[in-house]
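A quick write-up on the structure given underneath.
Values quoted throughout were computed directly from the atomic coordinates according to the rules given, and no laboratory measurement underlies them. These numbers come from a predicted model, not from an experiment. No Cβ is skipped: glycine too gets one built from the backbone with ideal geometry, and neighbour counts run over all protein chains shown.
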Amino acid sequence: MVRKILHLDLDAFFCAVEELHDPSLKGKPFAVGGRADQRGVVASCSYAARMHGIRSAMPMRRALQLCPDLIVVSHRHGNYGEMSKKVMKLIEITPFIEKISIDEAFLDGTGLPEPMIDIAHDLQNRVNKELELPISIGGATNKLVAKIANDWGKSQKRTAEPPNTITLIPPGEEADFLAPLPVHSLWGIGPKTAEKLGQIGITTIGMLANAPKETLEMLFGQYGPDIQTRAKGIDSRPINLEHDVKSISNEVTFPKDLVDENEILKTVRGLSDQVGRRLRRASLAGTTIQIKLRWSDFTTITRQSTLPSATNLDQEIFNTAKTLFKENWKYKRPVRLIGVGVSGLGPPVHQLSLWDDRFEKETNLLNAVDQLKERYGSDIIQRARNLPNKNQENEPKE
């Protein structure tokens, strides 16, 4: 049976959601992201903004230089998450769906009786009409070609409007479709690999598919035959019905570099609470606590520590993160960014002794706090040390 694999990608998703809240943004150059005066970056930008050379991950300051009239819109993470859930629910015409990110998914329609073109049009119409969102779809006999087809189809529509395209590659035409595309279009070919290939005259996927196997093995070892197989449009990967979460983390870039230890640790405390809450929401716990530090010169380090048992408790995460910070921070060294993460994830299992119910009590308390925050907002309950109080003493240094 010929596989029918579709790749679905919501066009400029954050921007499309913002346009639903404010229709006056339609057709205008705008970007979703942080403020330029606070080292913000572009999380997403409208297609009108892209006509000015603006792109995701670009510093907002640079984006405003390219387009002085650019409208900057702050994030609305809750809205994006809720809208993403609606989209994923709407495309559930088969249980074989692999969610890649908040705005991207694979769908296996092999068992459906309709032709792939009809499935694609039906899905696109659903999202366009019921949710008023643009969505582009690529289709092929495998995930690799479906994804590349979608990217290629979107790139061909260079207008100020979202692409909202459908690009399907018929069975047996995978290699012919890929052949003229540049090698960096292939999954797994990064800048360094593309540069190596270019040095021996391989610039297109077709040239890579026809290159001597020995040459690729000499350059990339066992990886060589693998990328050549993909260059021929061959990909047998199945749809992953469960996307394994390997780590949960939060980080923040400060508007101004921080040198005050108490202020930095206050941020570490907040990040630890956020990570703990996300772990409990996902019914997960982790054994490895990690911090990320970026200094004022953009040097970035990560440090981690493994616990004897898994945790999702805010205090345990904070205690370890705090120790890691103190071990790796030179007094008064300016900190530009700090992050806290937990990995080594699994079910939250904790061995309780006959008389030790501290873990259970703390978990119950945190779950109750989580429910209040879910219902009334994250600011409904705050730690006393975070409240403004002139008489409140700073946390003592150790």
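Listed values, structure above:
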| read-out | value |
| --- | --- |
| ³J(HN,Hα), Karplus 6.51/-1.76/1.60, whole Hz, each residue of region 216-232, x for Gly, Pro | 5, 5, 5, 7, 10, x, 5, 5, x, x, 5, 6, 5, 4, 5, 4, 8 |
| Out-of-range pairs (alpha-carbon distance over 23 Å; input Lys99/Lys192; Lys86/Lys129; Lys28/Lys147; Lys99/Lys213) | Lys99/Lys192; Lys28/Lys147; Lys99/Lys213 |
| Cut-off under 5 Å, modelled amide H: who pairs with Asp11 long-range | Ile135, Ser136 |
| Ellipticity estimate at 222 nm from DSSP helix runs (n ≥ 4, -39,500 (n - 2.57)) divided over the chain, nearest 500 | -11500 deg cm²/dmol |
| Separation of alpha-carbon centers, region 129-197 and region 1-56, rounded to whole Å | 18 |
| Candidate lysines - alpha carbon under 19 Å from Lys332, same-chain residues fewer than 8 apart omitted | Lys256, Lys266, Lys292, Lys322, Lys397 |
| Cβ-based exposure ranking for Glu316, Glu114, Glu18, in which fewest neighbours within 10 Å come first | Glu114, Glu316, Glu18 |
| Sorted by Cβ density within 10 Å, fewest first, the residues Ile100, Ile189, Ile205, Ile169 | Ile100, Ile189, Ile169, Ile205 |
| Principal-axis tilt of helix 143-155 within the chain, Cα atoms, nearest 10 degrees | 90 |
| Degrees, to the nearest 10: 261-281 long Cα axis against longest axis of the chain | 60 |
| On Cα atoms only, tilt of 77-90 relative to the major axis of the chain in degrees | 40 |
| Of (1) 130; (2) 150; (3) 205, the label for volume of the Cα convex hull per residue in Å³ derived from the coordinates | (3) |
| Top positive-direction residue, dipole computed over the chain with Cβ charges, set Ile54, Leu112, Ala140 | Ile54 |
| Phi-based couplings in Hz for region 118-135 (Karplus 6.51, -1.76, 1.60; Gly and Pro marked x) | 5, 4, 4, 5, 4, 5, 4, 4, 4, 5, 4, 7, 7, 10, 6, 10, x, 8 |
| Relative contact order [Cα under 8 Å, 6+ residues apart], the chain, whole percent | 13 |
| Percentage, to the nearest whole number, of Cα pairs in region 205-272 over 16 Å apart | 68 |
| Ranked Asp108, Asp297, criterion: other C-beta atoms within 10 Å, fewest first | Asp297, Asp108 |
| Radius of gyration and Dmax over the Cα atoms of region 75-227, both given in Å | 18.0, 53 |
| Under Karplus coefficients 6.51, -1.76 and 1.60, residue-wise ³J(HN,Hα) of region 102-108 in Hz, glycine/proline x | 5, 10, 8, 7, 9, 9, 9 |
